[in-house]
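For reference, the structure discussed in these notes is given below.
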Amino acid sequence: MSHDNVSPGTRLHRETLAVRQAVERSQYGENSEALYLSTGFVQPSAEASARRFAGDEDGYTYGRSGNPTVTSFEQRLAAMEGAEACMATASGMAAVMLMCFSLLKSGDHVIISQSMFGSTLKLIGSEFGRFGVETSVVPQTDLAAWQAAMRPTTRLLFAETPTNPLGEVCDIRALAELAHQAGALLAVDNCFATPALQRPIELGADIVMHSGTKYLDGQGRVMAGALCGTEAMVREKFLPVQKNSGMVLSPFNAWVVLKGLETLDLRMKAQSAQTLKLAQWLESHRAVGRVYYPGLPSHPQHELAMRQMGGIGGAVVSFDVRADNAEQARQRAFHVLDQLQVLSLCTNLGDTKTLCTHPASTSHGKLSEAQRQAAGIGQGLIRVAVGLEHLDDICKDLDRGLSSL
């Protein structure tokens, strides 16, 4: 039910849901959603307590099992994604962990993109491998490779679109059809696009995963994660594992991200518009070898990205500095980053402040060189998560290093 007690049958736009969807107001009538800092909840009776702990009656019992502020965040994000339900977690990687623990067992097979976030590759490909889960890693944009990797034991396809940091885009609808034909599920990491630009469930995905640490918060304040899916999946698969594992989101972090969702649509559109202009400027710079941005016509999946993301390319652009070899490329990339005076050298993204990073030595630093090369992560690659500073100041700060190479 919405925060303003809007009738459940009322259809609201996503921008309105981002501001209004939450649990009921308390008896005090607060307009801004309340922050409930409590680990336990007083029960109306022993019988009601027993029913709630047994799962036969809705109600809050203990912080690890649920909290009204966390529920508000879950309801709001689910509404924005067009999902029936949502499960919040302590971080984006906790969401991946919860999904895999809930859905997979020894002998099951997972297919993931080789361009996924480095920690995701390590977690699923290495850590879950120790427990008998088999993994195939395929090129993100090669649908035939996904098809060829399918097995009778395939239970899950997991894609990230656009990817970090090259912005590779996969065809969500095509992957969903491929998964469902084999009785498998499709999960999509929607961190870069967010529901402001892309809603995978509308394209056939079963699960949408988020690192709320990024754009959902929007100001680099707290860590959070989430899984969106059907009511049955959240209650029957995710909830039991979360209760027993403790991969829960704190009420304070939930409240911060809940408020961040209110401005998500405005931020994503403003930051994406800046990013397109920056990408165009980078393409024309003599010190830049290649620019990776789905919003540019030069991007290999530009047309697909425009269809899936509402004609907007997102707020992350990456580029290669010109260099003759890997060693020189690394030195030159470091030089550009070390000349920054305004922008932040920081590995996060989704902030209102522009953040720059060197993926090969940070987010993808734990991968082998072969894995990095397969994912297209060169030593001269710089990722820029564009914020809300004036575009001229962003360009000037990057040009300080680029023009002195």
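The values are calculated or read from the model by the stated rules, or taken from the named source; none is laboratory data. From a predicted model like this one, the values you see are computed outputs, not experimental measurements. Counting neighbours? That spans all protein chains shown, and the Cβs are built from the backbone with ideal geometry, glycine included. Ligands, DNA and RNA are stripped out before the accessible areas are found, and what is left, the full protein with its side chains, is counted by its heavy atoms. Shrake-Rupley method; radii C 1.70, N 1.55, O 1.52, S 1.80 Å.
Hey, what does the equivalent ellipsoid look like for the chain, semi-axes from the Cα gyration tensor as sqrt of 5 times each eigenvalue, largest first, whole Å? Each step should come with its number before you reach the end.
Details: eigenvalues 268, 130, 69 Å².
That gives 37, 25, 19 Å for the three semi-axes.
Can you tell me the 0 to 90 degree angle between the C-alpha axis of helix 68-81 and the longest principal axis of the chain, rounded to 10?
60
Mind pulling the angle between the C-alpha long axis of helix 92-103 and the longest principal axis of the chain? Nearest 10 degrees, somewhere in 0 to 90.
That works out to roughly 60 degrees.
May I ask for log10 I(q)/I(0) of the stretch 141-233 at q = 0.14, 0.15, 0.25 Å⁻¹, from a Debye sum over the Cα atoms as equal point scatterers with solvent left out?
-0.52, -0.59, -1.32
For the stretch 252-327, divide the Cα radius of gyration by the Kirkwood radius and give the resulting Rg/Rh value with two decimals. Walk me through the intermediate numbers first.
Details: Rg = 15.7 Å, Rh = 14.1 Å.
With Rg and the Kirkwood Rh in hand, the quotient comes to 1.11.
How big is D, in µm² s⁻¹, for the stretch 171-214 by Stokes-Einstein at 25 °C and 0.890 mPa s if Rh is the Kirkwood radius over C-alpha pairs?
Working: Rh = 10.6 Å.
The Stokes-Einstein estimate is 231 µm²/s.
Tell me which residues come under 5 Å, amide H to amide H, from V288 once H is placed; ignore anything under 5 positions away on its chain.
Residues meeting the amide H criterion: R322.
Can you list the HN-Hα couplings for the stretch 230-247, worked out from phi with the Karplus curve (6.51, -1.76, 1.60; θ = phi - 60°), rounded to whole Hz and with x for Gly and Pro?
3J(HN,Hα) across the stretch 230-247, in whole Hz: 6, 4, 5, 5, 5, 6, 8, 9, 6, 4, x, 5, 5, 4, 8, 9, x, 7.
Which log10 I(q)/I(0) values, to two decimals, does the stretch 284-405 give at q = 0.12, 0.16 Å⁻¹ under the Debye formula with one point per Cα?
-0.44, -0.80
Sorted by mean Cβ packing within 10 Å, highest first, what order do the peptides 165-175, 301-311 take? Walk me through the intermediate numbers first.
Details: 165-175: 24.0, 301-311: 18.1.
In descending order of packing, they fall as 165-175, 301-311.
Can you give the accessible area per residue of the stretch 282-391, in Å², using a 1.4 Å probe? Could the numbers behind the result be given before it?
Values: 4830 Å² over 110 residues.
On a per-residue basis, 44 Å².
Karplus couplings for the stretch 312-319 from phi (6.51 cos²θ - 1.76 cosθ + 1.60, θ = phi - 60°), rounded to Hz, Gly and Pro as x?
10, x, x, 10, 10, 10, 10, 8
Over the alpha carbons of the stretch 49-113, what is the largest minus smallest coordinate on each principal axis, giving the biggest first in Å?
Computed over the stretch 49-113, the largest-to-smallest principal extents equal 42, 29, 20 Å.
Counting each pair of different Cα atoms once, what's the Kirkwood radius of the stretch 1-111 in Å, rounded to one decimal?
Values: mean 1/r = 0.0615 Å⁻¹.
Here the Kirkwood hydrodynamic radius works out to 16.3 Å.
If packing is taken as the average number of other Cβ atoms within 10 Å across a peptide's residues, how do 255-266, 28-39, 127-138 rank, most packed first?
Numbers: 255-266: 21.8, 28-39: 12.6, 127-138: 15.8.
In decreasing order of mean packing, 255-266, 28-39, 127-138 become 255-266, 127-138, 28-39.
What is the Cα convex hull volume of the stretch 25-171 when expressed per residue in Å³?
Details: hull volume 24.3 nm³, N = 147.
Looking at the stretch 25-171, the number lands at 166 Å³ per residue.
Cα atoms only, the stretch 175-331: Rg and Dmax in Å?
Rg then Dmax for the stretch 175-331, in Å: 18.7, 55.
When the accessible area of the chain is computed with all protein chains present and a 1.4 Å probe, what percentage of it is carbon and sulfur?
Details: 8710 of 17080 Å².
Result for the chain: 51 percent of the exposed heavy-atom area is carbon or sulfur.
Once the convex hull of the C-alpha atoms of the stretch 208-289 is built, how many Å³ does it hold per residue, rounded to a whole number? If you can, show how the numbers build up before the last one.
Values: hull volume 11.8 nm³, N = 82.
So the per-residue hull volume is 144 Å³.
What size of dipole, in debye to the nearest 20, comes out for the stretch 185-236 about its Cα centre when the only charges are +1 on Lys and Arg C-beta atoms and -1 on Asp and Glu C-beta atoms?
Values: 4 positive and 6 negative charges, 45 e Å.
Magnitude of the dipole: close to 220 debye.
Report the Rg/Rh value for the stretch 20-80, based on alpha-carbon coordinates and the Kirkwood definition of Rh.
Taking Rg over the Kirkwood Rh, I get 0.99.
Send over a whole-number figure in Å² for the accessible area per residue of the stretch 99-236, probe 1.4 Å.
Each residue of the stretch 99-236 exposes 34 Å² on average to a 1.4 Å probe.
If you project the alpha carbons of the stretch 101-145 onto the principal axes, what extent comes out on each, in Å, largest first?
Dimensions of the stretch 101-145 along the principal axes of its Cα atoms: 28, 21, 16 Å.
May I ask you to order 90-98, 345-353 by the average number of other C-beta atoms within 10 Å around their residues, highest value first? Mind dumping the intermediate values first?
Numbers: 90-98: 23.3, 345-353: 18.8.
Descending packing order for the listed peptides: 90-98, 345-353.
Name the residues whose placed amide hydrogens come within less than 5 Å of the amide hydrogen of A85, ignoring near sequence neighbours (fewer than 5 apart) on the same chain.
Placed amide hydrogens put G229, E231 under 5 Å from A85.
Among the lysines, which fall within straight-line cross-link reach of K259, defined as a Cα-Cα distance under 29 Å, with same-chain neighbours fewer than 8 residues apart omitted?
Reachable lysines: K214, K237, K243, K269, K277, K353.
Please enumerate, by chain and number, the aspartates and glutamates with C-alpha under 16 Å from the C-alpha of K122, excluding those fewer than 8 residues away in the same chain.
In chain and number order, the partners are E134, E160, D189, E369.
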